[in-house]
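The values are calculated or read from the model by the stated rules, or taken from the named source; none is laboratory data. Just so it is clear, the model here is predicted, and its values are computed rather than measured. For neighbour counting, all protein chains shown are included, and Cβ atoms are generated from backbone atoms with ideal geometry for every residue, glycine included.
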Ligand SMILES: [Zn+2]
């Protein structure tokens, strides 16, 4: 559980709540404001796959706008396996990871 203050109304909310996950929006916006101000509509959601075969995982990422998403996609194509080589402009792209579907069902052990 992670409590953040909303930049719009100042209310505190749980960043990891189910409602926040559903409505999306920025990290510092409460679900109510995201819905009311419709901040989520400006954002772009893309899914990327890593690895192959049964170990493949899907990462669902949310970008602030289309340009960021395109930039990220370019980097992704260019540096396949960029997870292991932490270099390149891909890390300058601002995004939020909203979901991950890993081939390894035992992912809970990581956290
Ligand atoms: Zn708010």
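Is it the case, given these coordinates, that residue 60 is modelled with pLDDT of 55 or more, assigned to a helix (DSSP H, G or I) and surrounded by 14 or more Cβ atoms within 10 Å (Cβ to Cβ)?
No: the conditions fail for residue 60.
Which members of the range 17-51 meet the condition of being within 16 Å of the ligand (Cβ to nearest atom), in a loop (DSSP other than H, G, I, E, B) and on the phi < 0 side of the Ramachandran plot?
17, 26, 27, 28, 29, 30, listed by residue number.
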